[in-house]
Amino acid sequence: MATVKIRKAGKSLFTGVEENQICFYYSQLYIFISKGNEKTIMKNATLIFRILLGFLYLVFGLDYFFHFIPYQPHHTGNAKAFKDGLRAAGYFYPMQKAIQILGGLSLLINRYAPFSAVLLFPISLNVFLFHTILVPSGWLMGVFLLVPNIFLGFSYRKYYSSMFIRKPVI
């Protein structure tokens, strides 16, 4: 819970202010907010997005194999051609859905979560682009996958720093 102290202007405003507090001036009021709560908010948001993304990928991955969601897509035009091409390859959908299941489980149990977020990002991006460009009526599903994935990428950025070495030395 954030600690917020409001003091009226004109009184001894800065006495008792700790080093870890930020002071905001707004309409004749000074507001002091503890800086330590940013970490808590980030941890909670990461937890929520990790569980949301893991649950979505686990459910939709399992649905491919067990068909428990009553949904029959009736895509036409380019969307149908795209999906038919992927199905015709024979291996693509089972591989993608297996990655979704493993990545979703990994995010849900918080084991190798930064790796799973990177692994699932291309799928999230493809779902977003498919539902934005080819089937615009489903754009919200793409947003529900892409936004949490981008947020997790930002949250786990310290784990990715070693991937961005310009010239690795072996």
**Message:** Give me the net charge for the shell around PHE49: Cβ to Cβ below 15 angstrom, other residues only, Lys and Arg +1, Asp and Glu -1.
**Reply:** +3
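If N is the number of residues in the range 103-170, what value comes out of its Cα radius of gyration divided by 2.2 N^0.38 Å?
With N residues counted in the range 103-170, Rg over 2.2 N^0.38 Å equals 1.30.
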**Request:** Counting other beta carbons within 10 Å of each Cβ, put HIS67, HIS74 in order, fewest first.
**Result:** HIS74, HIS67
**Prompt:** Which value in Å is the Kirkwood Rh of the range 26-170 over different Cα pairs?
**Reply:** 17.4
**Prompt:** Taking N as the number of residues in the range 77-122, what is its Cα Rg relative to 2.2 N^0.38 Å?
**Reply:** 1.41
**Request:** Can you pull the one-decimal nm distance between simple spin-label points at LEU125 and PHE92, each 7 Å off the Cα toward Cβ?
**Result:** 1.7
**Asked** Using the count of nearby Cβ atoms within 10 Å as a rough guide to exposure, how do THR76, THR132, THR40 rank from fewest to most?
**Response** THR76, THR40, THR132
**Asked** Which order results if LYS43, LYS83 are arranged by neighbouring Cβ count within 10 Å, fewest first?
**Response** LYS43, LYS83
**Request:** Taking the Cβ of PHE154 as the centre, find all other residues whose Cβ is under 15 Å away and add up their charges (Lys, Arg: +1; Asp, Glu: -1).
**Result:** +4
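Laboratory data are not the source of any read-out in this text; all were calculated from the coordinates shown. Every value quoted in this text rests on a predicted model; they were computed, and no experiment measured them. All Cβ positions, glycine included, derive from the backbone under ideal geometry; neighbour counts span all protein chains shown.
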